[in-house]
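Just so it is clear, none of the values below were taken in a lab; they were calculated from the coordinates. Here the structure is a predicted model, which is why all the values come from computation and not from measurement. Because the Cβ atoms are built from the backbone with ideal geometry, glycine has one as well, and the counts that use them run over all protein chains shown.
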C-alpha cells in the first residue's frame, strides 16, 4: 500500500492541507480534490498545454507535476484571475479580440499569457507566438489569441 | 491517475539521493524537472517503485558557475535559467542557442540540464551540445565523485554510463572552439528532432580550421560525433570539394533509425546535405 503524502499548498490565495497520492498530478488535484475545474486536462503528457497553471508565478504544465511537489508552493489557476464577476484585463482582451470559440484551451492560454504579462517584457508578435506555442488551440487559428495578448502587452 | 503507483520521497541532499538510489537499486527514478519522466510515468512506459524528488537540492545543484576557465552547470539548472544566464551566453553560446529549440515556454521553465543529459534521448539538444563541446559529466555515487566524458557517457537510447546508484550533479563545459552552427529539422515546431546537428571549430589566422567537432542527433541510437568527417577537415583549408566529401563521411558514424517521424532513408539523405550546409555556413561566417 502506497502512503499518501501530506502537503500544504496555497491555491489562488487559499491555503489547503491535503493528503495526496504520489501518482496524482497537479491538474487532477486541482480538479478532483479542490473542485477547480477551470484547469483543463487534455493529453496528460505535456504536449497540449491545457493544464497550464502558475507555480510560484511561473507557467508550468499541471499534468507534469506530481501532487506532492506542490507542498509549500503557491499555485494560481484561471479561477484566480477575475474579481467576482469582473473579468481581469487579460480576460477582457480575450473577449474583445474574439480569442476563443469552444473555450477549452482558454484557461491554458490565459495562464501562459498572465505570466508573460507580469514579466513586463515588450514582445513582438513573433515572440508572443513563440511564448504561447506550448498551448494548442484547435478552433480559433490563434490570430485572435495573439491579438488579445499583443494588446495587453502593449498596454492596449 | 495515469501512472502506476509509486512511493514518493524527497531527497534532502545529494548524499541522501545517492543513499536512496542505493537502497532501491535500479527500481528508483530521480525526479528533476519531470518534463520527460512524468510523461513516461503517465504513459506507464516507466513503473518505478520509488520516485526521488531532487527539486529541493537547488542550493547544491542549481548554480551556473565558473570553475577555472570551464563553466559548471548544476544538474538542476532549468532551461529558462540557461536562457537568462549572461555567463552561458558569453562562454557557452551554443548551449544558449539550442535552448530555443527545446520544448515550449512551460517545458523550459521546468526542464533541467541534468535531467536532459541523464534522460539521454537520442534526439535531445542538450545531449548533442555536450558532445559537440566535449563536456564532462560529474556524477556522485556511494564511492564518491567521478567525471565521465560526453563521448563515453551516452551508451544507447535513454541509456548512459551512470550506474543505478549514481546521480549526475554537474555538466562541465571546458573552453571550446569559438565558432559554431546548429541546425535542426523536426516534423513540427519544437518537436523531437528528425535530425539535429552542431558543428564547432576554430578558424586559424592561416585560413585552416582546428578542433573540429561535428555532433549528430536523431540519426543514431544516441547522439554521436561524426569523427571521420571531422578528421578530414582538421587542420586544413576548406574548399567546396573537401566540405562535400567530409559531409558524406558523416554517414560513416551513424546508423539512422526508421520510425514514425522519418524513414532511415530520409535521415540518411538529410545528414550529408545539412552537414555540408552547416560547414559551409561556418566557413563563410553566415547562416
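Taking a point 7 Å from the Cα of residue A:130 along the Cα-to-Cβ direction, the residues of the range B:57-91 with backbone N closer than 17 Å to it are B:79-86, B:89-90.
With the simple model of a label 7 Å out from the Cα in the direction of the Cβ, residue A:82 to residue B:188 spans 3.0 nm. For residue A:74 and residue B:269, a Förster radius of 51 Å and the Cβ-Cβ distance give a FRET efficiency of 0.55, rounded to the nearest 0.05.
For the protein assembly as shown, give me the percentage of DSSP beta bridges that are antiparallel, rounded to the nearest 5 percent. For the protein assembly as shown, the DSSP antiparallel bridge percentage is about 85. Look at the alpha carbon pairs under 8 Å that are at least 6 residues apart: their mean separation over the length of chain A gives a relative contact order of 24 percent. By the count of neighbouring beta-carbon atoms within 10 Å, fewest first, B:219, B:88 end up ordered B:88, B:219.
Using a 10 angstrom cutoff on alpha carbons, build the Gaussian network for chain B and name the most mobile of B:73, B:275, B:50. Looking only at B:73, B:275, B:50, the biggest GNM fluctuation is shown by B:50.
Multiplying the sequence separation of residue B:13 and residue B:151 by 0.36 nm and subtracting their Cα-Cα distance, what value in nm do you get?
Residue separation times 0.36 nm, minus the Cα-Cα distance, leaves 46.8 nm.
Each part reduced to its alpha carbon centroid, the range A:76-102 and the range B:259-287 end up 45 Å apart.
Going from the fewest other Cβ atoms within 10 Å to the most, the residues B:196, A:119, B:280 appear in the order A:119, B:280, B:196. To the nearest 500 deg cm²/dmol, what mean residue ellipticity at 222 nm is calculated for chain A from DSSP H runs of n ≥ 4 alone, each contributing -39,500 (n - 2.57), summed and divided by the residues? Rounded to the nearest 500, the figure is -7500 deg cm²/dmol. Put the Cα centre of the range B:1-60 next to the Cα centre of the range B:181-200 and the gap is 29 Å.
Residues B:102, A:2, arranged from fewest to most other Cβ atoms within 10 angstrom of their Cβ, appear as A:2, B:102. Taking the DSSP bridge list for chain A and keeping only pairs wholly inside it, about 90 percent are antiparallel. Note on chain A: with a GNM built from Cα contacts shorter than 10 Å, the maximum mean-square fluctuation among A:70, A:132, A:123 falls on A:123.
Mean-square fluctuations from a GNM of chain A, with a 10 angstrom spring cutoff on Cα atoms, peak among A:21, A:85, A:143 at A:85. Using the beta-carbon distance between residue B:159 and residue B:65 and R0 = 35 Å, what value does 1/(1 + (r/R0)^6) give for FRET efficiency, to the nearest 0.05? For R0 = 35 Å, the calculated efficiency reads 0.75.
Using a Förster radius of 41 Å, what is the FRET efficiency between residue B:206 and residue A:15 based on their Cβ-Cβ separation? Nearest 0.05, please. Let's see the in-between values first.
Working: r = 68 Å, r/R0 = 1.66.
Result of the calculation: an efficiency of 0.05.
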